[in-house]
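Report on one structure; see the data block that follows.
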Amino acid sequence: MGVALFDMDRTLVRRETASLYVKSRRDRGLGSWQDTARVAWWVAQYTMGVIDAPDVASRALMVLAGTKESDLEGECEALFRKYILPHISERARVAVAHHKARGDHLAVVTGASPYVARPVADYFGIENVVASDLEVVSGALTGRPVEPLCYGVGKVIRANRLARKVGFALREAVFYTDSYTDLPLLEAVAHPVVVNPDMRLSRIAEARGWPVEIW
């Protein structure tokens with residue numbers, strides 16, 4: 001039995017789910033074009049690996065302070081059906097089905113929140129989700145993230161927690177991702193696979209002979 005880890009944004013899903021979330025709020029009159037521009041700037045910084053992730057997460061999550069966790073879960077289920085599902089990659093479906101047929105352990109490993117990631121994982125039939133947890137007190141979000149964020153080295157830390165829980169080692173895994181910011185986890189697994197890579201990751205993949213796939 002092997003291990004297959006999948007990034008979500010621009011890997012399983014062709015778009016950034018943060019942008020789709022802001023679009024969904026704007027369509028319901030709950031956001032503005034300024035919000036869209038702000039998230040687009042953050043996404044660009046994320047792609048370039050120059051973002052201060054904890055600072056951005058703290059600012060972005062302030063809007064959720066006081067939101068009931070159950071309400072956010074429902075909102076993200078609706079987000080998946082209307083906004084995310086049309087951007088699911090067909091080649092991602094094939095890759096996931098391949099690993100499921102092998103009997104591998106599967107996990108979505110993403111910098112997004114578990115509320116966004118869980119509907120995606122459920123759609124693919126992936127049991128495990130490693131994500132950036134949000135602080136919840138008495139059933140409501142505080143607007144603060146739980147450290148470490150599932151980003152950079154933090155993604156390795158959180159993936160290792162799952163590995164210990166489920167009973168595998170990262171050195172046994174294959175990891176599919178698009179982002180240069182995932183380089184620490186790519187270097188920790190046995191089989192890095194680069195999917196729809198950003199420019200910096202594309203150059204690294206070419207230099208190291210890592211397989212590159214377009215989903």
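The values are calculated or read from the model by the stated rules, or taken from the named source; none is laboratory data. For clarity, every value in this text was computed on a predicted model and none was experimentally measured. Cβ placement follows ideal geometry from the backbone for every residue including glycine, while neighbour counts extend to all protein chains displayed.
Which one of the conditions (1) surrounded by 15 or more Cβ atoms within 10 Å (Cβ to Cβ); (2) closer than 13 Å to Thr17 by Cβ; (3) among the charged types (D, E, K, R) does Lys82 fail to meet, given that it meets all the rest?
(1)
Quick check: is even one residue across region 87-95 within 29 Å of Val193 (Cβ to Cβ), at pLDDT below 95 and crowded, with 16+ Cβ neighbours inside 10 Å?
yes
How about region 100-157: which of its residues are assigned to a strand (DSSP E or B), touching a helix residue (DSSP H, G or I) at 6+ places or on another chain (Cβ under 8 Å), within 17 Å of Ala65 (Cβ to Cβ) and not hydrophobic (A, V, I, L, M, F, W, C)?
Across region 100-157, the qualifying residues are Gly143, Arg144, Pro145.
Of the residues that sit in region 1-31 and are basic (Lys, Arg), in contact with a helix residue (DSSP H, G or I) (Cβ under 8 Å, 6 or more places away or on another chain) and free of Cβ contacts under 8 Å to residues at least 60 places away in the same chain, which one is farthest from Asp71 (Cα to Cα)?
Arg26
Counting only residues that are of a type in the set (A, V, I, L, M, F, W, C) and without any contact (Cβ under 8 Å) to a residue 40 or more places away in the chain, which one in region 131-160 is nearest to Phe6 (Cα to Cα)?
Top of the filtered list is Ala131.
Which one of Gly125, Gly139 is under 17 Å from Glu73 (Cα atoms), loosely packed, with under 14 Cβ neighbours inside 10 Å and in contact with a Lys or Arg (Cβ under 7 Å, 6 or more places away or on another chain)?
Result of the check over Gly125, Gly139: Gly139.
Can you tell me which residue among Val63, Val39 is within 17 Å of Gly143 (Cβ to Cβ), at pLDDT 70 or above and part of a helix (DSSP H, G or I)?
None of the others qualify; the one that does is Val63.
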